[in-house]
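Just so you know, all these numbers are worked out from the coordinates, no wet-lab data involved. Just so it is clear, the model here is predicted, and its values are computed rather than measured. No Cβ is skipped: glycine too gets one built from the backbone with ideal geometry, and neighbour counts run over all protein chains shown.
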Amino acid sequence: SITACLFDLDGVLVDTAKYHYIAWKRLAGELGFDFTEQDNERLKGVSRMASLDILLEIGGMTLDEDAKLALAEKKNAWYVEYISKMDESEILPGALDFIQVLKARGIKVALGSASKNAMLILNNTGLTPYFDAIIDGTKTSQAKPDPEVFTMGAHELGVQPDTCVVFEDAEAGIEAATRAGMRSVGIGSPETLGRASIVLSSLEEFTVDRLLEL
Ligand code: B16
Ligand code: MG
């Protein structure tokens, strides 16, 4: 049986990738190189510092740790400015309805995100009260595909991993779910998320009855 659903944030509940993209592009611009939407695909689900490493690799730059921390902070300040203007209209189609039905059916709901800004996004979109547990980048030490974020989620909910289903838009997130011993629902394309139990284009086309059949 299924006792809990664990949701990734960016790409599953909200589309913050566009704000990450504008902020990284602005940083690349200051550093003197271009950063495309296609480049940005490589940053999805990846931690902030690992994202910066990919960006610098694209620009052909090598910097010391202090310089990298300063750039990451600069990018984050811009990103926080953008996400501060978010509201409930930015919740992705079908996400809130699905979460409400889960709660009504007694299935627990947790967040499993790499972002250190998750609380700001959840508060601005009004999603915070729906979560029984919130695990984000401020609580974890290992990035996906390490299973830590989801293992911590199950632990905090007091449920067994094999009764959990993870919702993820990134390949590394599907791998993290599998390594945690959980089923997974991929949101996006079957080409990159083929290892998920099932792949959907959005939560709009999903129901709790289909969840219980996984
Ligand atoms: P921050 P998720 C991830 O969120 C994003 O997909 C990824 O692009 C970002 O670099 C990462 O959070 C860290 O975010 O800079 O806000 O700490 O998909 O795990 O919800
Ligand atoms: Mg994601």
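Looking across the stretch 189-212, just one residue is in contact (Cβ under 8 Å) with a residue 60 or more places away in the chain, under 20 Å from Glu171 (Cα atoms) and in contact with a Pro (Cβ under 6 Å, 6 or more places away or on another chain), and that is Ser202.
Would you confirm, using the coordinates I've provided, whether Gly188 is out of contact with any helix residue (DSSP H, G or I) (no Cβ under 6 Å at 6 or more places or on another chain), surrounded by 16 or more Cβ atoms within 10 Å (Cβ to Cβ), closer than 23 Å to Asp15 by Cβ and of a type outside the set (A, V, I, L, M, F, W, C)? Here the answer is yes, as Gly188 does meet what is asked. Restricting Thr3, Thr62, Thr16 to residues that are polar (S, T, N, Q) and in contact with a Phe, Trp or Tyr (Cβ under 9 Å, 6 or more places away or on another chain) narrows the list to Thr16. When Ala154, Ala180, Ala143, Ala170 are checked against the criterion of being within 12 Å of Val12 (Cβ to Cβ) and not polar (S, T, N, Q), Ala170 stands alone in meeting it. Under the condition of being away from ligand 1 (no atom under 11 Å from the Cβ), surrounded by 14 or more Cβ atoms within 10 Å (Cβ to Cβ) and of a type outside the set (A, V, I, L, M, F, W, C), the residues counted in the stretch 8-51 number 3. When the strands (runs of 3 or more DSSP E) confined to the stretch 79-173 are screened for residues that are more than 23 Å from Leu200 (Cα to Cα) and among the aliphatic types (A, V, I, L, M), those reaching at least 3 such residues are found at 133-135.
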